[in-house]
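Asks: One structure, pasted below without further comment.
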Amino acid sequence: MPEIRIVDSHTEGEPTRTIVAGAPPLGVGPLAERRERFRREYDWLRTAVVTEPRASEAAVGALLVPAVDRSARTGVIFFNNAGYLGMCGHGTIGVVASLAYLGTISPGRLTVETPVGAVDCELRGDGAVSFRNVESRCARRGVSVEVPGFGRATGDVAWGGNWFFLIDDPPVAVERRNLSACLAYARAVRAAIDAAGVVGDDGGQVDHVELSVPTSTSADSRNFVLCPGGMYDRSPCGTGTSARLAVLAARGALRPGQRWRQEGILGGVFEATAEPTERGVIPTISGRAFVTAVGELVVDDRDPFRFGIPPP
Ligand code: PYC
């Protein structure tokens with residue numbers, strides 16, 4: 001087994017484990033194709049890297065791969081305990097902070113390719129990172145589903161690099177001390193949208209649920225985001241913030257260039273703006289990540305859980 005070198009970071013509390021060396025080669029070609037090869041042939045690496053006992057169910061993995069466009073600094077394929085992501089905002093901030101920690105980049109601009117498009121990033125001198133996300137769009141407004149035990153839920157379907165079902169003012173308090181109720185409600189909503197066959201405008205699975213409320217802090221809104229593997233995002237969620245900006249713009253509730261401060265469930269904040277496009281918006285999001293560990297994974301043939309604890 002080759003040495004798998006990793007850098008761990010967290011972005012406003014949400015972990016990213018970046019694989020910087022030692023992963024099996026995925027060949028060349030579009031990142032979406034290489035992500036399929038990863039899924040088909042090396043899914044053991046995903047489960048080994050981001051699930052227990054080596055990581056936590058909240059961790060997002062980021063595999064660095066050569067970019068297609070030579071002007072991009074790197075390609076990255078994001079994954080989690082349930083599968084593979086299109087884009088990941090907190091993960092992009094974590095990858096840039098990790099490259100800075102390793103000394104392979106210095107403050108300035110760089111492009112990171114993802115399976116859903118190129119993302120221009122900037123590492124600032126104070127360590128903060130901003131990224132200009134892929135075009136984000138509100139696909140459907142006012143979609144109602146029956147949520148067993150909770151009644152009807154009405155939300156919007158939007159793309160921010162992943163598909164989201166966004167609910168304003170849900171029937172649970174969106175507060176850190178109420179996490180288990182937020183989880184229970186968002187999981188029930190997720191099951192209800194799956195059962196009702198709610199999909200994105202490209203047929204993609206709507207696998208994130210975002211609950212939003214106004215906040216009394218200096219932020220514009222606080223959110224709780226349920227990720228595809230049933231865990232919640234500790235950060236304000238970069239793709240979720242992008243989807244929210246697309247919804248606000250579709251409602252005429254966000255001026256071009258208006259600053260939006262998105263608070264996450266732990267109180268961390270991403271600052272965002274959005275440029276209008278024909279179909280939606282291009283969000284730019286800024287946040288901070290901190291490196292927590294640098295190391296090498298050990299995959300011991302005698303270890304029954306070397307590829308993670310499998311689901312029951
Ligand atoms: O920040 O985009 C994000 C994200 C997606 C899933 C977890 N974090």
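Asks: In percent, what relative contact order does the chain have, based on Cα pairs under 8 Å that are 6 or more apart in sequence?
Replies: Relative contact order for the chain comes out at 21 percent.
Asks: Looking at the stretch 157-303, what % of its DSSP beta bridges pair antiparallel, to the nearest 5?
Replies: Here the antiparallel bridges make up roughly 75 percent for the stretch 157-303.
Asks: To two decimal places, what compactness ratio does the chain give when its Cα radius of gyration is scaled by 2.2 N^0.38 Å? Each step should come with its number before you reach the end.
Replies: Numbers: Rg = 18.5 Å, N = 312, 2.2 N^0.38 = 19.5 Å.
The reported ratio for this selection is 0.95.
Asks: Something else about it: With runs of 4+ DSSP H residues as the only contributors, calculate the mean residue ellipticity of the chain at 222 nm using -39,500 (n - 2.57) per run, divided by the residue total and rounded to the nearest 500.
Replies: Result for the chain: -6500 deg cm²/dmol, rounded to the nearest 500.
Asks: If you scale each eigenvalue of the Cα gyration tensor by 5 and take the root, what three semi-axes come out for the stretch 143-252, rounded to whole angstrom and sorted largest first?
Replies: Taking √(5λ) for each Cα gyration eigenvalue gives 19, 17, 13 Å.
Asks: Also, I was wondering about something else. What's the carbon and sulfur percent of the stretch 12-66's accessible surface, probe 1.4 angstrom, rounded to a whole number? Spell out each step's value before the answer.
Replies: Working: 1230 of 2170 Å².
Whole-percent figure for carbon plus sulfur exposure: 57.
Asks: How much length is gained if the chain between Val28 and Arg124 is pulled fully straight, taking 0.36 nm per residue apart and subtracting their Cα-Cα distance, in nm to one decimal?
Replies: So the chain would gain 31.5 nm between Val28 and Arg124.
Asks: Using Cα-Cα distances under 8 Å and only pairs 6 or more residues apart, what relative contact order does the stretch 81-126 have, in percent?
Replies: 33
Asks: Sort all Cα-Cα distances of the stretch 62-146 into consecutive 10 angstrom bins from zero, then give the percent of pairs in each bin up to the one containing the longest distance.
Replies: 16, 47, 25, 9, 4, 0
Asks: Rolling a 1.4 Å sphere over the protein heavy atoms, what is the accessible area per residue of the stretch 1-126, to the nearest Å²?
Replies: In whole numbers, the stretch 1-126 has 40 Å² accessible per residue.
Asks: A follow-up question, please. May I ask you to give the percent of accessible area on the stretch 125-214 that is carbon plus sulfur, with a probe radius of 1.4 Å?
Replies: Working: 1780 of 3750 Å².
C and S atoms contribute 47 percent here.
Asks: So, one more: Have a look at Cys138, Ser9, Ala253 and report the one farthest towards the positive end of the charge dipole of the chain, computed about the Cα centre with Cβ charges (Lys/Arg +1, Asp/Glu -1).
Replies: Ala253
The values are calculated or read from the model by the stated rules, or taken from the named source; none is laboratory data. Only a predicted model underlies this, so the values are computations on that prediction, with no experimental measurement involved. Methodologically, a virtual Cβ is constructed for each residue, glycine included, from the backbone with ideal geometry; neighbour enumeration extends over all protein chains shown. Ligands, DNA and RNA are stripped out before the accessible areas are found, and what is left, the full protein with its side chains, is counted by its heavy atoms. Shrake-Rupley method; radii C 1.70, N 1.55, O 1.52, S 1.80 Å.
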